[in-house]
1. Which of the residues that make up region 508-552 are open to solvent by less than 70 Å² (accessible area, probe 1.4 Å), farther than 30 Å from Asp383 by Cβ and without any contact (Cβ under 8 Å) to a residue 24 or more places away in the chain?
2. Working only within region 213-234, note down all residues that are closer than 19 Å to Asp191 by Cα and either in a strand (DSSP E or B) or among the polar types (S, T, N, Q) (or both).
3. Pull up region 348-378, narrow it to residues that are closer than 30 Å to Gly444 by Cα, modelled with pLDDT under 95 and part of a loop (DSSP other than H, G, I, E, B), then point me to the one that is least open to solvent (accessible area, probe 1.4 Å).
4. Considering only region 490-521, state which residues are among the aliphatic types (A, V, I, L, M) and assigned to a loop (DSSP other than H, G, I, E, B).
5. Restricting to region 141-199, give me the number of residues that are farther than 28 Å from Gly391 by Cα, open to solvent by 60 Å² or more (accessible area, probe 1.4 Å) and either part of a loop (DSSP other than H, G, I, E, B) or of a type in the set (Lys, Arg) (or both).
6. So, in region 276-300, exactly how many residues are in contact with a helix residue (DSSP H, G or I) (Cβ under 8 Å, 6 or more places away or on another chain) and either more than 17 Å from Val368 (Cβ to Cβ) or surrounded by 20 or more Cβ atoms within 10 Å (Cβ to Cβ) (or both)?
7. Please give the number of the condition Asp95 fails out of (1) farther than 27 Å from Phe155 by Cβ; (2) at pLDDT 90 or above; (3) out of contact with any Pro (no Cβ under 6 Å at 6 or more places or on another chain).
8. In region 389-412, which residue that is of a type in the set (Ser, Thr, Tyr) and under 20 Å from Glu568 (Cβ atoms) is modelled with the highest pLDDT?
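The values are calculated or read from the model by the stated rules, or taken from the named source; none is laboratory data. What you see is a predicted model; the values in this text were computed from it and never measured. Note: ideal-geometry Cβ built from the backbone for every residue, glycine included; neighbour counts use all protein chains shown. Only protein heavy atoms, including side chains, enter the accessible area calculation; ligands, DNA and RNA are left aside. Shrake-Rupley method; radii C 1.70, N 1.55, O 1.52, S 1.80 Å.
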Amino acid sequence: MNNSSIQSETDKPEQATLAVILVSETAIEIARLIRREFPETVIYTKSPIEGCVQISSFSKGVKQLFPTVDVLVFIGAMGICVRSIAPCIKNKHTDPAVINIDSSGKYVISVLSGHVGGANTFSERLARIIGGEEIITTQSDNTGLWALDTLDQRFGWITRTTAGNFNHPLTTFVNRKPTALLLDIKDAGSDYLERNKPEHTDIFYSIENIGWEKYELLIAVTPFLYPDSPVPVIYFHPRVLQLGIGCRKLCSPAGIGEYIDRFLSEKHVAKEAIAGISSIELKKDEPLLQDLSRRYNAPLHIYTASELEGIDVPNPSDKVVSVTSVPSVSEASALKASEMGLLILEKQKGVLSEGNDFTFSLAINRSVLRHGHIEIVGAGPGDPELISLKGKYFLEDADLILYAGSLVPVELTHYAKKGATVRSSAPMSLEEQFAIMKEFYDQGKLIVRLHTGDPCIYGAIQEQMALFDAHGMSYHITPGISSFQAAAAALQSQFTIPEKVQTIILTRGERRTPMPEKEKLHLLARSQSTMCIFLSAAIAKDVQRELLEHYPPTTPVAACYKLTWKDERIYRGELKDLAKIIRDNDLTLTTMIVVGEAIDNRHGLSRLYADEFKHLFRS
């Protein structure tokens, strides 16, 4: 049985093996509605009903289904559900999710395996489908606490506890006993825990800062082990460590895995955190590498000598140079696999039998280290509520927000936390922008570089990223809604019309920055596609002239000023009047020009929803 497909809100319930036991046959339409949403659903009934599987009794049917399905849904009386499943229940790690729906479809009750089996999440999903109300009784859900027994599945962590039985520390947490949360690394899961911290939990980034007398439980998101903790520990081990391996030719793997395990344990490093095994191409077929890959269920990363050349390591070797042409294999490959993260275990040498020499090193992925970070965030077209949820989280967490003041409404910076520095980049040169970002970066702070729309479209981020790359700085891009998408929404238009227009061109007119010869407006106009023209209100006359070479003079146009801002204005007309529209209404640089027959078009029928058109989810 595979419960993984339904164990968190981030997974896809459609992938679950789902069985519906129809206790009340009057509710057949509810069962059919569920099957419509989840086509692999099988409906079981005691009476013959078309499209259903007949069973002799509910108890016998459950006995057969219990070990094979992910989700078991009863529709009818709760008593029959409970009596039917009772003899089959073993433990929450193997039992399927069990849900009971009353025959009217009013209540959807999570009965068994609420967290690990996913019954709570699936109950919510089913309730939305049938228009009912989900009934969740697990304490953590009803008190807004983390579901600790599903965090590992949600974020790809490995769980262990020093308490032996996970239920004891889980109960300690759910009963709101003072808890210390240690975050040794930074990833999506640690970000989630930080954002949703309950009041009885305090966050620490170093074990040395915890005052143990105050706490009854430690929750640690870490690749390390803390055996000296005076309180029970729930460990969540993210797979963030890269194990670099060097060895003699045809080195026997016998005993080496066990040796490495013992060594890591002595160094208080969790072997469960190993994410990959790495080495040089010369060693790619070594039995040792294959053995360790299987042992840790981790992929192999093989690098050429040229890829490892030049990597600075603490323990270079002339002997290794003579064999491989590079001064290091285990340290260099571990660092390479970690994207030049941090070497937490320098080269260790081992010989378990004559002629079977090996070395190993361990590095932690650069992406999870707690250091400075720059997040380039797309602000969206202007409305503060049109920023992505992820972008909003970054604004709320940022220590520095550097926003494009001439293009991004200041209201977006109101998401900033107390004490954050908020600066407009409008009066700054590129060098000045970089200087303030690096100042915060070097302090290990989070910087948000806030650009209008989607930063990858005329966002001027390329030159910034070149500086980040040159200085080895961590950065990432969070996309945003572009103004061309806001234009389509504001114009209530679909910019692609079946059999008429299937291409959207995003471009601009030629001003100080020359356009590539093959991208001149009059050449792009040949397709008569929907064209969204950025940064060109000041040269509207030239834009109109070029477009008229191929678009008919009566082609619909729209001049959209400050889309989604409080002072948004939109002017419709025909292409022959475009320059006049922009001039008469004094439209400036925050204007999007849209040209094409798609504007206000209500003709053309998509075949997507045609009855004869069949696809994976409609057959």
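1. Met515, Pro516, Leu523, Pro552
2. Within region 213-234, Leu218, Ile219, Ala220, Val221, Thr222, Phe224, Ile234 meet the criteria.
3. Among those residues, the one meeting the criterion is Gly372.
4. Answer for region 490-521, where residues must be among the aliphatic types (A, V, I, L, M) and assigned to a loop (DSSP other than H, G, I, E, B): Leu491, Met515.
5. Of the residues in region 141-199, 7 are farther than 28 Å from Gly391 by Cα, open to solvent by 60 Å² or more (accessible area, probe 1.4 Å) and either part of a loop (DSSP other than H, G, I, E, B) or of a type in the set (Lys, Arg) (or both).
6. Total satisfying the criteria: 16.
7. (1)
8. Tyr403
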